[in-house]
Each structure stands twice: as structure tokens, then as C-alpha cells.
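Since the structure comes first, as C-alpha cells, the remarks are kept for the end.
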Amino acid sequence: MARRFKTRGIKANKTYRIDELADAAGVSPPTVRSWLKAGMTPIDGNRPTMIMGFHALEFLTARKNSAKHTLALGEFYCFRCKAPRSPLGALADYEPSSATGGRLEAFCGVCECFCNRNISASDLSAIRKIPDVEIRDTG
């Protein structure tokens, strides 16, 4: 199944068995068991394992928030390095996708893999002012 999970189907005041929570979140039952091992709180230690919806929502919300990375204007998130990085050679290409924004494309300054970042058109002028990043319009 997908690595992403849905929280919209989980009701806060409902109790769930492992398979029910898996269906509500759109994941497999082994994924819910791994969440329990990672710190999701069950109601008690009895079988079947029951989980309150608000405990699941708290755990999953914290998990989503810990995965977010805020970047400075001149940085890209490199999926290979798993860290914010500056572009290689301080060069980036801007590919407009709409009137309000586009994609900034560059190579990672450390591992040289391809990175991209969506930005709004209003941020483009601020990125041009960063002395070590030069933007080349490709559109």
C-alpha cells in the first residue's frame, strides 16, 4: 500500500481495532502495528488491541509535522542527502508553470542529484537578491 496515510477517515471519539484503523487510514494492518510499536497509545494491553481515534490522530499529526522541512529561500531539499542543500555552482533554473508561480530546478551542491522546488512568482525577486544564487529563466 501507499506510504501516505489519510487522517480524514479517522473519527476522534471512535474506538478502532487494528484492521478498522488500517481501513480508515488507508494503510495495511502491519503498518498500524508498527505505529503501535513506534508509540501510538492503545486503550489497554488486552486483545483485541483497541485504539481510540483521538490517540491515533495525535500520533499521526505529530508524525506528519516531524516530516516537514522548512527551507531558506536559496535552498532545495535533496531527497538523496535527506537534507536542505544549496544548488551546485549557485545556479538554478526557473520554469514558470502558471502566472502565480513555477518550479526552481537545480543540482544538489553535495551529491549532484537533480532537485526542484515550487515557488511563487513573488518569491522569485527575493531569490534573485541572494548573492550566491543566480536564476536563469528558461520560459
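Odds and ends about this structure:
- Hits in the range 42-60 (condition: touching a His at 6+ places or on another chain (Cβ under 9 Å) and open to solvent by 80 Å² or more (accessible area, probe 1.4 Å)): Ile43
- Hits in the range 43-80 (condition: of a type in the set (A, V, I, L, M, F, W, C) and under 25 Å from Leu124 (Cα atoms)): Leu71, Ala72, Leu73, Phe76, Cys78, Phe79
- Odd one out for Arg63, checked against (1) open to solvent by 70 Å² or more (accessible area, probe 1.4 Å); (2) assigned to a loop (DSSP other than H, G, I, E, B); (3) more than 30 Å from Arg128 (Cα to Cα): (2)
- Filter result (open to solvent by 70 Å² or more (accessible area, probe 1.4 Å), in a strand (DSSP E or B) and either in contact with a Leu (Cβ under 9 Å, 6 or more places away or on another chain) or under 15 Å from Arg128 (Cβ atoms) (or both)) within the range 91-110: Glu95, Phe107
- Number of positions in the range 111-128 that are open to solvent by 70 Å² or more (accessible area, probe 1.4 Å) and hydrophobic (A, V, I, L, M, F, W, C): 1
- Residue match in the range 39-48 (condition: part of a strand (DSSP E or B) and out of contact with any Ser or Thr (no Cβ under 6 Å at 6 or more places or on another chain)): no
- Considering only residues in the range 66-90 that are among the small types (Gly, Ala, Ser) and not in a loop (DSSP other than H, G, I, E, B), the one that is nearest to Ala24 (Cα to Cα) turns out to be Ser66.
The values are calculated or read from the model by the stated rules, or taken from the named source; none is laboratory data. It should be emphasised that the depicted structure is a prediction, and the values quoted were computed from it without experimental measurement. Because the Cβ atoms are built from the backbone with ideal geometry, glycine has one as well, and the counts that use them run over all protein chains shown. Remember, those area values only see protein heavy atoms, side chains included, never the ligands or the DNA or RNA. Shrake-Rupley method; radii C 1.70, N 1.55, O 1.52, S 1.80 Å.
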